[in-house]
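Read through the structure below, which is laid out as C-alpha cells, and then see the notes.
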Amino acid sequence: MGGGFGIFDIILFAMLAAFLVYRLRSVLGKRTGHENRRQDPFSSQPESAADAGNDNVIALPDRETGEAAPEVAPDTPLSAGISQIQSADPSFEAGGFLTGAQAAFEMIINAFATGDGKTLNMLLSPEVYENFAGAIRSRELANNTQESTLVGIDSTDLLEAEMQDRIAVVTVKFISEQINATIDENDEVVDGDRNTVVKVTDIWTFARDTGSGNPNWKLIATRSPT
C-alpha cells in the first residue's frame, strides 16, 4: 500500500510538472511583435523590412531628428554645396548629419583601438579601411595594444560640402579630448600616455552615393590640419 501510494505520488507530480511547463511555454514562448531589436545607432528611423538582415546600413539621421542646423554663412561655397546635396537628397540636413558624424567618429576611434575590423569595414571606404587595417596588423605583429578613451568632443564643424557627380561629399572638423597610449606585451607604455588628456583636431571626409538606394555614409579620407 505504501509502495503503491509512492508510485501514484510520482505520477501526480510528473503530471503537475508537465502542466507547469506547458503553461510557461504558452506565455514565454509567444512573440508579441514588440520584442527589442538592435537598431543602427546612426539611424533616426526604425529598421524597415527592406533593411532587415542588412548589417551595413549606416544611415545618418535625417531632418526629423530635430537637431539645430549649424550656422552657415550664405553665398559661400559651403552653403552652395549643402544646397546641391539637398537637391540630390532632400532628406539631407546638416544638423542631423553632424550628429551622425559624431557617432561615427566615436565608433571608428573605438573600433581602431580594439581592432574591430567588422565595424571599420562597415564605416570606411576600402582605401581608408586598408590604411586602418594595416596599422592594426603592424600593432599586433609588435604584440602591442592600443588604449584610447574619447573623453569628449569639444566641437564638430562643417568645413566643405559638394556634389561630385552623384556622390555627396562632406568634410567635418572634429576637435576632441582623448587619452591615447600604445602598450607593449609587458604592459609598458611605448607611445602616448595613459594619464594625459590631449586635444586632438581631425579633419574627416564622408561620402554617399545619392543615386543609390544604399543610405550608407562612409569615411573616405582623413587628414590633420595644416
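Every read-out reported here was derived from the displayed coordinates using simple, explicitly stated rules and does not represent laboratory data. As the structure is a prediction and not an experimental result, all values here were calculated from the model. In this analysis, Cβ positions are derived from the backbone assuming ideal geometry, glycine residues included, and neighbour counts consider all displayed protein chains.
Using the Karplus curve 6.51 cos²θ - 1.76 cosθ + 1.60 with θ = phi - 60°, work out ³J(HN,Hα) for each residue of region 138-152 in order, rounded to whole Hz, and write x for Gly and Pro.
4, 4, 5, 5, 8, 6, 9, 10, 10, 10, 9, 10, 8, 5, x
Name the residue from 167, 82, 114 whose Cα lies farthest towards the positive end of the charge dipole of region 58-223, charges +1 on Cβ of Lys and Arg and -1 on Cβ of Asp and Glu.
167
Nearest 0.05, what FRET efficiency do residue 72 and residue 201 give at R0 = 22 Å with Cβ-Cβ as r?
E between residue 72 and residue 201, to the nearest 0.05, is 0.60.
Compute the label zone of residue 177 within region 185-226: residues whose backbone N is under 12 Å from the point 7 Å along Cα-to-Cβ.
So the set is 196-200.
Could you give the dipole magnitude of region 58-223 about its Cα centre, charging the beta-carbon of Lys and Arg +1 and that of Asp and Glu -1, in debye to the nearest 20?
Dipole size: approximately 320 debye.
Sort 100-108, 118-126 by packing, meaning the average of other beta carbons within 10 Å per residue, with the highest value first.
The peptides rank, most packed first, as 100-108, 118-126.
Working from the alpha-carbon coordinates of region 58-223, get Rg over Rh, Rh being the Kirkwood radius.
Result: Rg/Rh = 1.02.
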